[in-house]
Amino acid sequence: MTENAVTPGAAPILRLRGVGRRFGGLDAVSDVDLDVGPGERRAILGPNGAGKTTLFNVISGDMPATAGTIEFLGEDVGQIPASGRSKRGMGRTYQKSRLFLGLSVEDNLYLAVLGNQTGHLRPFRRSRDGDIRERARELAGAVGLQGKCDALVGSMSHGEQRQLEVAMARAGDPKLMLLDEPASGLSRGERVALTDLLLELDPSITLILIEHDMDVALRVANRVTMMHDGRKIVEGTPDEIRANDLVHELYLGGRVAGAEEDGA
Amino acid sequence: MSARRPTASLDRGTAAVLVAIAILAPLIFNTYWIGTLLTQMLFLGIVAASLIFLSAYGGMVSLAQVALYGIAGFAIGNLTTNGNTKGLNLGWTPLAAIPVALAITIGLGLLFGALSSRSVGIYFLMITLTFSVIANLFFGQVTSLSGFGGISGIPAPGFIGNVDHHPDRLYYLALVLALLVYALLRYIARTPFGLTLQGIRDDPVRMSSLGYNVTLHRTLAFGFASFIAAIGGVLFAYWNGHIDPATIGLGATIDVLVVAVIGGLSRLEGAWLGALVFVLINNYAQRIGFVSDRFHTLIGVVFLVIVLLSPDGLMGLWGRLGDLRRRGERPGQAPTGGSERGSGELEPTV
């Protein structure tokens with residue numbers, strides 16, 4: 001297990017206060033406070049529909065929050081679009097892979113690296129493109145896709161696409177990575193490989209991880225936040241979470257006498 | 001979005017043979033073929049290529065390409081003619097009019113692009129169809145620019161001369177421009193601009209979160225495609241010597257879409273292949289007594305057969321024949337080649 005790398009008292013890299021997201025009459029996320037310290041490995045657990053992915057979308061800026069404040073590296077980023085947050089050092093993966101299926105692995109990573117640089121509109125090639133491609137191949141190698149640089153992403157296996165998702169999120173040299181169910185749909189062997197990949201990530205990168213697979217989540221994380229019905233209900237170390245009755249009730253399917261009813 | 005990758009399935013050998021035939025065409029074919037059929041194929045192919053570029057690399061199927069081609073043609077007509085009853089009759093020299101006509105078309109293309117680039121799929125198709133209808137009615141009703149009778153006697157630049165007397169010259173100009181357009185589009189596809197466009201085609205949300213300005217990029221791609229369409233429009237004006245609103249009517253708009261789909265919406269070469277098939281059917285079917293009045297029924301049937309046999313057009317059919325041939329050469333090999341043509345190839349990116 002990863003040792004807790006958080007310096008006590010260090011200013012949080014990400015700080016959420018009272019964050020909410022409403023869709024019509026539904027509060028997908030409500031009143032979430034979250035402090036994530038630099039270098040922390042945080043897992044967010046919760047049953048389907050708990051609001052985990054919505055919380056990610058709000059943090060990454062893919063959708064605006066309808067309540068509360070989001071501070072990243074001490075700056076209020078609530079009004080900054082996703083691209084601006086990406087430039088400030090947030091990288092994310094998606095639960096359902098969002099890759100460029102009609103392009104090769106190298107082209108996918110090329111676009112991911114180019115994203116935070118200038119020259120998106122340049123209609124000619126320059127030597128700088130060679131450096132970007134070099135970096136793209138490096139990133140592919142770091143997730144075990146070195147032999148697949150020219151492969152069309154749409155023709156790769158699901159597991160390889162998940163590996164590429166992680167590489168895409170790393171391309172912008174993020175300080176904070178949001179990983180949305182990186183192991184979803186993977187076979188057992190692929191899950192182990194992916195967990196190893198996450199454990200090998202630079203410890204200075206802060207990770208927030210949504211994961212259904214407890215083995216993956218608790219092996220990678222040094223702190224766990226449990227969500228239910230859009231709210232944060234428990235927070236603690238993996239051991240505390242394992243021992244928590246409410247977690248068993250809500251997530252692991254156990255029946256605990258006296259636990260409160262599902263908040264309808 | 002679909003998992004298509006615009007690839008060139010023409011191998012170097014085939015391409016070299018085709019280009020050689022095209023260069024030697026005036027020695028092989030008669031004047032009618034050169035002056036009427038093949039020149040028309042070349043500029044129609046350029047317009048279709050602008051549509052295929054937007055569709056294959058940008059995921060945008062535009063019905064405005066014929067309107068933009070017409071705008072360039074009308075601009076040339078207004079700038080260069082003199083003594084017409086309609087139009088501006090500015091009487092410029094033909095060469096001076098070319099950059100101005102291109103600039104006007106690109107400017108309007110950027111405006112159209114800015115208005116439509118937030119829409120996708122069927123909505124984008126409908127908005128661009130609206131541009132096409134507006135352009136058609138505009139030139140019909142604004143008699144100071146054209147009127148329904150159109151503009152006649154458009155002069156070609158001196159080095160082309162009289163198109164009826166020297167069909168080879170316009171043919172070669174169209175050939176050179178078609179090859180340049182093809183090379184340019186292929187080159188652009190591998191530049192940051194082109195790769196970004198393809199990323200936007202596959203996943204605009206991801207591109208936006210990676211830091212790209214999706215709307216701006218789509219707008220500029222549309223402006224660039226209008227430049228390509230304008231080249232076709234200028235050639236058309238010289239070829240026909242006359243332009244009227246029917247040139248850019250709904251029928252013409254559909255014709256270019258048919259050309260692109262017959263050729264293959266995901267491959268640039270398909271533009272010229274589709275144009276050749278279209279021009280040949282258009283020309284020879286009229287001569288068959290029974291078919292002549294039913295030309296659009298015939299082209300409709302051909303269209304249907306091709307789309308049902310090969311959703312990615314004749315170029316897709318060509319690609320599959322190549323696969324079969326390769327598989328035949330290596331009988332021991334399991335036929336796995338099919339996996340690369342992803343599921344998305346079966347549906348046009350509308």
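In table form, for the structure just shown:
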quantity: Listed residues A:ALA11, A:ALA28, A:ALA171, most fluctuating in chain A (Gaussian network, C-alpha, under 10 Å); calculated: A:ALA11
quantity: 15 Å cut-off, amide nitrogen to a point 7 angstrom out along B:LEU184 Cα→Cβ, residues in the stretch B:228-269; calculated: B:228-236
quantity: Dipole magnitude (debye, nearest 20) for chain A, charges at Cβ of Lys, Arg, Asp, Glu; calculated: 980 debye
quantity: Residue-normalised accessible area of chain A, expressed per residue, 1.4 Å probe, Å²; calculated: 43 Å²
quantity: Max mean-square fluctuation residue, GNM over chain B, Cα-Cα springs under 10 Å, options B:LEU145, B:LEU125, B:LEU321; calculated: B:LEU321
quantity: FRET efficiency, B:ILE21 to A:ARG22 (Cβ-Cβ, R0 60 Å, nearest 0.05); calculated: 0.40
quantity: Test item: B:184-195 mean partner chain Cβ contacts at 10 Å; calculated: 4
quantity: Förster radius 56 Å - calculated FRET efficiency between B:THR93 and A:ASP239, Cβ distance, rounded to 0.05; calculated: 0.05
quantity: Number of partner chain Cβ atoms within 10 Å, mean per residue of A:107-116; calculated: 5
quantity: Prolate/oblate/rounded label for chain B (Cα gyration tensor, a/c 1.5); calculated: oblate
quantity: Residue-normalised accessible area of the stretch B:73-151, given per residue in Å² at a 1.4 Å probe; calculated: 48 Å²
quantity: Beta bridges per DSSP with both ends in the protein assembly as shown, % antiparallel, nearest 5; calculated: 60 percent
quantity: Within chain B, helix-based [θ] at 222 nm, where runs of 4 or more DSSP H residues each add -39,500 (n - 2.57), nearest 500; calculated: -22000 deg cm²/dmol
quantity: Total formal charge among the other residues, if their Cβ is under 15 angstrom from that of B:ALA25, Lys/Arg +1 and Asp/Glu -1; calculated: 0
quantity: Degrees separating the helix B:94-116 axis from the principal Cα axis of chain B, which is the longest one; calculated: 50 degrees
quantity: Under 24 Å from the Cα of A:LYS52 - lysines, other chains or at least 8 residues apart; calculated: A:LYS87, A:LYS96, A:LYS175, A:LYS232
quantity: Within 10 Å of each Cβ in B:208-220, the average number of Cβ atoms from other chains; calculated: 6
quantity: Shape category assigned to the stretch A:98-173 from the gyration tensor of Cα positions, a/c cut at 1.5; calculated: prolate
quantity: Distance between the stretch B:12-40 and the stretch A:129-170 - C-alpha centres, whole angstrom; calculated: 43 Å
quantity: Total accessible area lost when B and A pair, probe 1.4 Å, Å² to nearest 100; calculated: 2800 Å²
quantity: Electrostatic dipole magnitude of the protein assembly as shown [Cβ: Lys, Arg +1; Asp, Glu -1; Cα centre; debye, to 20]; calculated: 1680 debye
quantity: Whole-number Å³ per residue for the convex hull built on Cα positions in chain A; calculated: 140 Å³
quantity: Global geometry of the stretch B:1-95, whether rounded, prolate or oblate, following the gyration tensor of its Cα atoms and the 1.5 cut on a/c; calculated: oblate
quantity: Exposure of A:ASP173 as accessible area (Å², to 10), given a probe of 1.4 Å and all protein chains; calculated: 110 Å²
quantity: Within the accessible area of the protein assembly as shown (1.4 Å probe), percent carbon and sulfur; calculated: 59 percent
quantity: Alpha carbon centroid spacing (whole Å) that separates the stretch B:238-254 from the stretch A:183-254; calculated: 64 Å
quantity: Most positive-pole-ward Cα, B:MET207, B:LEU273, B:ALA189, against dipole of chain B from beta carbon charges; calculated: B:MET207
quantity: Cα long-axis angle, helix B:39-58 against chain B (0 to 90 degrees, to the nearest 10); calculated: 50 degrees
quantity: Value of relative contact order over chain B, rounded to a whole percent, pairs C-alpha under 8 Å and six or more apart; calculated: 31 percent
quantity: Contact order normalised by residue count of the stretch A:98-173, Cα under 8 Å, 6+ apart, percent; calculated: 48 percent
quantity: Between 0 and 90°, nearest 10: helix A:188-199 axis offset from chain A longest Cα axis; calculated: 80 degrees
quantity: Charge dipole (the stretch A:98-173, unit charges on Cβ, about Cα centre) - positive-most of A:GLY119, A:ALA136, A:MET156; calculated: A:GLY119
quantity: Only Lys, Arg (+1) and Asp, Glu (-1) charged, at Cβ; chain B dipole about Cα centre in debye; calculated: 560 debye
quantity: Förster-model FRET efficiency, 35 Å R0, B:ARG294 and A:ASP150, C-beta, rounded to 0.05; calculated: 0.10
quantity: Listed residues A:GLY46, A:GLY119, A:GLY147, most fluctuating in chain A (Gaussian network, C-alpha, under 10 Å); calculated: A:GLY119
quantity: Share, in percent, of DSSP beta bridges within chain A that are antiparallel, nearest 5; calculated: 55 percent
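The values are calculated or read from the model by the stated rules, or taken from the named source; none is laboratory data. Just so it is clear, the structure is predicted and the values come from calculations on it, not from any experiment. Cβ coordinates were reconstructed from backbone atoms using ideal geometry, including for glycine residues, and neighbour counts include every protein chain displayed. To get the accessible areas, we keep the full protein, side chains included, count just its heavy atoms, and leave off ligands, DNA and RNA. Shrake-Rupley method; radii C 1.70, N 1.55, O 1.52, S 1.80 Å.
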